[in-house]
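Here is the structure we will look at, set down as structure tokens.
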Amino acid sequence: MTQTTQNPVDIINAKVPGYKDLQMLLVNQEGIIEQILPMATVATHNRASVIDVAGDWISLGGVDLQINGALGLAFPDLTAENAHLLQKITQFLWNVGVDGFLPTLVTTSVEKIQRSLAVIADIIPSQQAGAKILGVHLEGPFLNYQKRGAHPAEYLLPLTIDEVKRVLGDYAHIVKVITLAPELDPTGEVIPYLRSLGITVSLGHSQATAIQAQLAFELGATMVTHAFNAMPPLHHREPGLLGAAITHPNVMCGFIADGEHVSPTMLQILLCASYQEKGLFLVSDALSPLGLPDGVYPWDSRQIEVKNGTARLADATLSGTTLPLLVGVQNLVKWGICDVETAILLGTDAPRQAIGLPGIAKSQAANLLRWHWDEATKELTWQRLLG
């Protein structure tokens, strides 16, 4: 959420992702970025308060477009009785560097989806300090049975306009993203319908061929959910959904950088083959134990075991992670997959781009992170600077 500063401030000698050379950021008393100017063009500083970041990187906070819960609460389990826990979650996410997020509802009964949507719809207009709820991500229930992963089969639904209307109910206005398997709709009617409601369509948990994926992109799908996971692998004769996505200039793929969902080597291939931060963005895919220690936790009617930040069902099916979004940024640099600037963009600006929000620029709220790269230890660290 936008915070106010006590006094206007100049932030000088900053590296800003997407900008060349060192920059100065002018922030007014309302906590809004007034200008971003090259240091070389500035003769004097016009603020009484100056922060010299000495060549560190400055960015907006992260935006997490796929997060399933935190602090023990899974978003599909939201009720009027536990809705107060959302404020604790938004503050926790703010503290781990996230400015905004999409509470993600995985496949469950229509009744539970509607209940969670009702709670979130009631909270959005009166949000307090903390990470901002930007809308909802429905991950299902319109998924391919063969690629359902940890999603319970009994709640999967056919992909028709009537079923979509039943799931959305009166809450289409707060649904920002929906993940679906496009091959389930041979009529091709659903994606244009969802786009007409202003909902971003993401392909995932799918067996779609490259041809089927390309058709879905032509119909208006613009995203892919957790690249590589719950979809056919890349193949030299059938590139499939992922191959079609990473070669499409107007499609962005979310991906998880915990080292378990996708190997670092395959992530390196993904970044090289795509348009990097123009075609990819980081997500956490974090589950409800995010912010809690390793252990065994309830997950719908089942249980998940969390070890070293990775969550699995009793049958060892990978169900998610419990690592915050910005750990993915740090991992990309630690693994040598990309440079600091690209990694920061993948966790901050790129998710915003995927849902049509601006990145760091004039007139944006100055909810800023300061990133420091230690050449001696090869570690990337961050802290909140303003906000």
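The values are calculated or read from the model by the stated rules, or taken from the named source; none is laboratory data. Keep in mind that what you see is a predicted model, and the values were worked out from it rather than measured. Glycine gets a Cβ as well: all are built from the backbone with ideal geometry, and neighbour counts include every protein chain shown. SASA here: full protein model, heavy atoms, side chains in, ligands and nucleic acids out. Shrake-Rupley method; radii C 1.70, N 1.55, O 1.52, S 1.80 Å.
What to note about this one:
- Exposure rank, largest accessible area first [Glu30, Glu218, Glu163; 1.4 Å]: Glu218, Glu30, Glu163
- Entries of Lys176/Lys307; Lys165/Lys307; Lys112/Lys334; Lys20/Lys334 with Cα pairs more than 28 Å apart: Lys176/Lys307; Lys165/Lys307; Lys112/Lys334
- Sorting 92-100, 175-183 by average packing, meaning the other beta carbons within 10 Å per residue, from highest down gives 175-183, 92-100.
- Per residue, the solvent-accessible area of segment 129-282 (1.4 Å probe, heavy atoms of protein chains only, all protein chains present) comes to 40 Å².
- At 0.890 mPa s and 25 °C, Stokes diffusion of the chain via Kirkwood alpha-carbon radius, µm² per second: 115
- Working from label points 7 Å from Cα in the Cα-to-Cβ sense, the Ala54 to Asn95 distance is 2.8 nm.
- P(r) tail fraction, segment 260-387 - alpha-carbon pairs more than 26 Å apart, %: 32
- Subtracting the Cα-Cα distance of Glu111 and Asp162 from 0.36 nm times their residue separation leaves 16.8 nm of extension gain.
- Ordering of 200-208, 152-160, 245-253 by packing is 200-208, 245-253, 152-160, highest average first (other Cβ atoms within 10 Å, averaged per residue).
- Label-to-label distance, nm, for residues given as Glu189 and Asn7 (7 Å Cα→Cβ offset): 6.4
- Length released on extending from Ser196 to Ile124, taking residue separation times 0.36 nm less the Cα-Cα span: 23.7 nm
- Summing Cβ point charges (Lys, Arg +1; Asp, Glu -1) relative to the Cα centre of the chain gives a dipole of roughly 200 debye.
- Built from the Cα atoms of segment 28-146, the convex hull projects on average onto 11.2 nm², one quarter of its surface area.
- For the pair segment 42-108 / segment 244-316, the C-alpha centres are spaced 18 Å from each other.
- Computed extension length for Asp339-Lys88: 87.0 nm, one decimal, from 0.36 nm per residue of separation with the Cα-Cα distance subtracted.
- In units of the rule-of-thumb radius 2.2 N^0.38 Å, segment 226-297 shows an alpha carbon radius of gyration of 1.24.
- Over all Cα atoms in segment 299-368, the spread is summed up by Rg and Dmax: 16.4, 50 Å.
- Amide hydrogen proximity for Asp64: with H placed 1.01 Å from N in the peptide plane, the residues at 5 or more positions away or on another chain lying under 5 Å are Gly100, Phe101, Leu102.
- Reach of Lys15 by Cα under 16 Å, taken over lysines that are not fewer than 8 positions away in the same chain: Lys362
- Length-normalised contact order of the chain in % [C-alpha pairs under 8 Å, at least 6 apart]: 19
- Most positive-pole-ward Cα, Ser109, Gly130, Tyr145, against dipole of the chain from beta carbon charges: Gly130
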